[in-house]
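*Asks:* Quick one: the structure is below, questions incoming.
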Amino acid sequence: MKKFAWLPNTIRDPLVLLKNNYHQRMRRRELRKVLRNRSDKKIILGAAQTHFPGWISTDYPTVDITRRESMSRHFKAGAVSAFLAEHIWGHLTPEQAATAFRNCYEALVSGGYLRMAVPDGLHPDPVYIERVKPGGSGLGSADHRMLYTYETLSSLLEAAGFKIKLLEYFDENGKFHYSEWSSDVGMITRSNRFDKSNTIKPNAYTSLIVDALKSSCQNPG
């Protein structure tokens, strides 16, 4: 923190930690307040500056999807209507990803869903793969831990108990598959429909997009 830059490390570091902890407590308190006043709990995970009408934006570390105690602190079991996560799971190890899926499954109501997108490991453009692969050249890819295909992602989700509906993805032959989906029940901006780069070159930037459905859930739309 620039505010404490002039102090010796032995004094500055504890002050910075104290300040960060205070702000974190305030964010958790504000989130709990918002959740108490909302009956239809639709949660954006890893939202950063993303806000959509009707959705509650959360971010790490206020909500850590890899830690059950963090999730249960905010979301009672069977209380969340929907989760939305765009390009979050690629930053997790396979073990963390599996744990996060189980945590989301537990928090969802029967009939709830997780709509998620990750970079597509079967995208046929090598430039795309270079940008999104772990350690790649694209923004944020230095922290990527996993590059999914529709099969590897589906396998992890099914192991957590979800039923899968694939919305957008490439297969092994480089063929693009698309199913109609409504942005009203979960907007994915880095998609074939909404990424602006696709207006110049078709499928220039797409994601592997999945609806993971809990139990008796019908297609969200």
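*Asks:* Would you mind telling me which numbered condition in (1) within 19 Å of I88 (Cβ to Cβ); (2) open to solvent by 30 Å² or more (accessible area, probe 1.4 Å) P202 fails?
*Replies:* Among (1) within 19 Å of I88 (Cβ to Cβ); (2) open to solvent by 30 Å² or more (accessible area, probe 1.4 Å), P202 violates only (1).
*Asks:* May I pose another question? Within the range 205-221, take every residue that is assigned to a loop (DSSP other than H, G, I, E, B) and over 16 Å from S81 (Cβ atoms) and give me the one that is most open to solvent (accessible area, probe 1.4 Å).
*Replies:* Top of the filtered list is Y205.
*Asks:* Right, R38: part of a helix (DSSP H, G or I) and open to solvent by 60 Å² or more (accessible area, probe 1.4 Å) or not?
*Replies:* Criteria not met by R38.
*Asks:* In addition: Out of the range 148-172, which residues are touching a Lys or Arg at 6+ places or on another chain (Cβ under 9 Å), of a type in the set (A, V, I, L, M, F, W, C) and surrounded by 15 or more Cβ atoms within 10 Å (Cβ to Cβ)?
*Replies:* L157, A160, F162, L167
*Asks:* Quick test for you: out of E86, E130, pick the one residue that is out of contact with any Cys (no Cβ under 8 Å at 6 or more places or on another chain), over 19 Å from T189 (Cα atoms) and not small (G, A, S).
*Replies:* Answer to the selection: E130.
*Asks:* Specify which of the listed residues (E86, E95, E69) is over 16 Å from the mean Cα position of the chain (by Cα) and open to solvent by 20 Å² or more (accessible area, probe 1.4 Å).
*Replies:* E69
*Asks:* Exactly one of these conditions fails for D120: (1) buried (at least 17 other Cβ atoms within 10 Å of the Cβ); (2) among the charged types (D, E, K, R); (3) free of Cβ contacts under 8 Å to residues at least 12 places away in the same chain. Give me its number.
*Replies:* (3)
*Asks:* How many residues, within the range 173-191, are touching a residue at least 24 places away in the same chain (Cβ under 8 Å) and either surrounded by fewer than 10 Cβ atoms within 10 Å (Cβ to Cβ) or within 18 Å of the chain's Cα centre (by Cα) (or both)?
*Replies:* Number of matching residues: 10.
*Asks:* Turning to a different aspect of this structure: Would you mind stating whether G78 is without any contact (Cβ under 8 Å) to a residue 40 or more places away in the chain, over 23 Å from R68 (Cα atoms) and assigned to a loop (DSSP other than H, G, I, E, B)?
*Replies:* No, not satisfied.
*Asks:* Right, something else. Being open to solvent by less than 90 Å² (accessible area, probe 1.4 Å) and among the polar types (S, T, N, Q) is the filter here; which residues of the range 41-53 pass it?
*Replies:* T50
*Asks:* Scan the range 97-116 for residues that are in a helix (DSSP H, G or I) and more than 17 Å from S72 (Cβ to Cβ) and jot them down.
*Replies:* The answer is A97, A98.
*Asks:* Out of (1) modelled with pLDDT of 95 or more; (2) within 17 Å of G121 (Cα to Cα); (3) assigned to a loop (DSSP other than H, G, I, E, B), what's the single condition that is false for E168?
*Replies:* The one condition E168 does not meet is (3).
*Asks:* Now for a separate question. Check whether at least one residue in the range 131-147 is surrounded by fewer than 20 Cβ atoms within 10 Å (Cβ to Cβ), among the basic types (K, R) and not in a helix (DSSP H, G or I), and report yes or no.
*Replies:* Looking through the range 131-147, at least one residue is surrounded by fewer than 20 Cβ atoms within 10 Å (Cβ to Cβ), among the basic types (K, R) and not in a helix (DSSP H, G or I).
The values are calculated or read from the model by the stated rules, or taken from the named source; none is laboratory data. This is a predicted model, so every value here is computed, not measured. Note: ideal-geometry Cβ built from the backbone for every residue, glycine included; neighbour counts use all protein chains shown. For accessibility, only protein heavy atoms count, side chains too; no ligands or nucleic acids. Shrake-Rupley method; radii C 1.70, N 1.55, O 1.52, S 1.80 Å.
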